[in-house]
Amino acid sequence: MNRMFASIASGAIIIVMLVPILNSSCIFSTKTNQCDMYDIRCAPGQVCAAKQAVCINIGGCGDGVVGPGEACDDGNVLNGDNCSSNCTTEKLCGNGILDLGEQCDTGIGDSRGCNHDCTFVRCGDGYANTIAGEDCDDRGQITSVCNGYLCTKPDCGDSFYNPLAGEACDKGGDADDCNGDRNSSGIGNCKKPACGDGYYNPAYTPPGLDAKPEQCDTAGNSQTCNGVDNLTGKGNCQVPVCGDGYCNSMYTPAGLEAKPEKCDTGENTSACNGNDNANGKGNCQLPACGDGYYNSTYTPAGAEAKPEKCDAGGNSPLCNGNVNADGKGNCQLPACGDGYHNPAYVPPGAKAQPEQCDTAGNSTSCNGNDNADGKGNCQFSVCGDGYYNPADDEQCDQTAPNPNVPCGAKTCSMCKCS
């Protein structure tokens, strides 16, 4: 019995010894009661997380207490709920983890689809994400520096009309009613076109019946371009040419003897020379007999002047120059007796010589033009010159005009037979 007791006692002792073990097991089970509902048992040294059916190290991340080395502890080991799974970071946009309340998080700041504040990129959100191609973002408003919901900076030629950026139009390029963006100086860009605005717009035709599409525009007259001061439109913003109907005082026509335009009526007129003189002499100048430009519509000054028949820039064998004040014979085809002394002209006739004078007929000082062989024609009157000049009191000169009054060679007054 004593032995049984002893056995029992021994058994009791065993029981007693087991109790601490069971109690220890129970203590462990007690600490994992929160996991029992999920049929989870934690290993020795672990406990259930405070707010999640998962085992964690005792005193570790997830027990709901911010311990040494932890930045946060929300009672679980999940990401995206304001505290990371290792309790090292709180909610932090840019940590590469999609935390609660974040739309995106690439962990690299701005990206093509995500802003640095962890919101989706959206034009109009007020943030200019340059990585996503935005130049600006004024929350969808058109401003002087941003094209509303395009989120691009105003740029003439971008096809977006932004009046706050100073644009009057924007067709994405040159159009008949809008200047595009091909002028590096910016003058005239995205403005309503006008000849003389300094912007060359080949799609634009200035007003005026005779106007043509712009060939140039230098913001005024220049050697290479007509400005805008011709109401008919003729020659406006065209490459200048003498005879284009546009007077461009900055332009000098081609030709060694050309001068800057003084006029341009599109053709010869009584007030202006046209453009048909190859050397440039007199082109688009105010006409004058002797300017070297033949203008048949121009009549030189002088009571007896007639429209030009020629103009060689001075006296020539084929043309009278401009040295006769009364206009008689000026810029006319020369003839002895025309009243114009042209020393370069030789009247017809075998014995003719260059004119020494021309008084439009016989005079006391000059022979007229009525001697067929040319002898003495338009020469100073001299007895014995072979030209009978009754205006110089001659009664004869070698050949008597009257057979009954023979003439000798020595005198032209009291004619006697020799």
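Read-outs throughout are calculated quantities, based only on the coordinates presented, and are distinct from any laboratory measurement. On a predicted model such as this, the values are computed, not experimentally measured, just so you know. Every residue, glycine as well, gets a Cβ built from its backbone with ideal geometry; the counts of neighbours run over all protein chains shown.
Distance between Cα centroids, the stretch 199-274 to the stretch 122-171: provide it in whole Å.
41 Å
How long are the three semi-axes of the equivalent ellipsoid for the stretch 145-280, computed from the Cα gyration tensor as the root of 5 times each eigenvalue, in whole Å, largest first? List each step's numbers first, then the result.
Working: eigenvalues 280, 34, 18 Å².
In descending order the semi-axes read 37, 13, 9 Å.
Could you give the size of the charge dipole of the chain about its Cα centre, using +1 on the Cβ of each K and R and -1 on the Cβ of each D and E, expressed in debye and rounded to the nearest 20? Write out the running numbers ahead of the final one.
Details: 25 positive and 52 negative charges, 151 e Å.
My answer is approximately 720 debye.
Gaussian network model of the chain, Cα springs within a sub-10 Å range: biggest mean-square fluctuation belongs to which of Asp210, Asp39, Asp155?
Evaluated over the chain, the most mobile residue of the options is Asp39.
Each residue of the stretch 375-383 in turn: what ³J(HN,Hα) in whole Hz from Karplus with 6.51, -1.76, 1.60 and θ = phi - 60°, glycine and Pro shown as x?
Using θ = phi - 60°, the values come out as 5, x, 4, 6, 10, 4, 6, 9, 5 Hz.
Under a no-solvent Debye model with one identical scatterer per Cα of the stretch 106-197, what's log10 I(q)/I(0) at q = 0.21 Å⁻¹?
Reported log10 I(q)/I(0), two decimals: -0.89.
Given +1 on the Cβ of Lys and Arg, -1 on the Cβ of Asp and Glu, and no further charges, what dipole in debye does the stretch 30-90 carry about its Cα centre, rounded to the nearest 20? It would help to have the intermediate numbers written out before the result.
Working: 3 positive and 8 negative charges, 46 e Å.
Value, rounded to 20: 220 debye.
When the chain is treated as a GNM, springs tying every alpha-carbon pair under 10 Å, which of Val54, Val382, Val241 comes out with the largest mean-square fluctuation?
Val54
Residue by residue, what Karplus-based ³J(HN,Hα) values in Hz, rounded to whole numbers, does the stretch 91-102 have, using 6.51, -1.76 and 1.60 with θ = phi - 60° and x for Gly and Pro?
Computed from phi, the couplings for the stretch 91-102 are 4, 8, 5, x, 8, x, 10, 6, 7, 4, x, 8 Hz.
Relative contact order for the stretch 30-90: what percent, with Cα pairs under 8 Å and sequence separation of 6 or more?
On the way: 119 pairs, mean separation 13.3, N = 61.
So the answer I get is 22 percent.
Using the charge dipole of the stretch 290-397 (Lys, Arg: +1 at Cβ; Asp, Glu: -1 at Cβ; taken about the Cα centre), state which of Asn322, Tyr294, Ala335 has its Cα farthest towards the positive end.
Tyr294
Any chance you could give the angle, 0 to 90 degrees and rounded to 10, that helix 2-31 forms with the longest Cα principal axis of the chain?
With rounding to tens, the tilt is 20 degrees.
For the chain, which semi-axes, largest first and in whole Å, follow from the square roots of 5 times the eigenvalues of its Cα gyration tensor? Can you show the working numbers first?
Numbers: eigenvalues 3166, 53, 23 Å².
One finds semi-axes of 126, 16, 11 Å for the chain.
Which value, in Å to one decimal place, does the Kirkwood hydrodynamic radius take for the stretch 30-90 when every pair of different Cα atoms is included?
Working: mean 1/r = 0.0882 Å⁻¹.
Taking the inverse mean of 1/r over all distinct Cα pairs, the stretch 30-90 comes out at 11.3 Å.
Once every DSSP H run of n ≥ 4 in the chain is given -39500 (n - 2.57) and the sum is divided by its residues, what mean residue ellipticity at 222 nm do you get, rounded to the nearest 500 deg cm²/dmol?
Values: 2 runs with 34 residues, N = 418.
Value at 222 nm, helices only: -2500 deg cm²/dmol.
In the Gaussian network model of the chain, springs joining C-alpha atoms below 10 Å, which of Gln52, Gln379, Gln285 carries the largest mean-square fluctuation?
Its mean-square fluctuation being the largest, the pick is Gln52.
Over all alpha-carbon pairs of the stretch 251-323, lay out the pair-distance distribution in 10 Å bins, whole %, shortest bin first.
Percent of Cα pairs in each bin: 24, 54, 21, 1.
Tell me, Kirkwood radius of the stretch 326-405 from alpha-carbon pair distances, in Å?
After inverting the pairwise mean of 1/r, the radius is 12.5 Å.
Cβ neighbours within 10 Å, averaged per peptide: list 345-353, 75-83 in order, most packed at the top. The partial results should precede the final answer.
Numbers: 345-353: 15.9, 75-83: 18.1.
The densest-packed peptide leads the list: 75-83, 345-353.
Report relative contact order for the chain in percent, whole number only (criteria: Cα-Cα under 8 Å, sequence separation at least 6).
Numbers: 1051 pairs, mean separation 16.1, N = 418.
Relative contact order, the chain: 4 percent.
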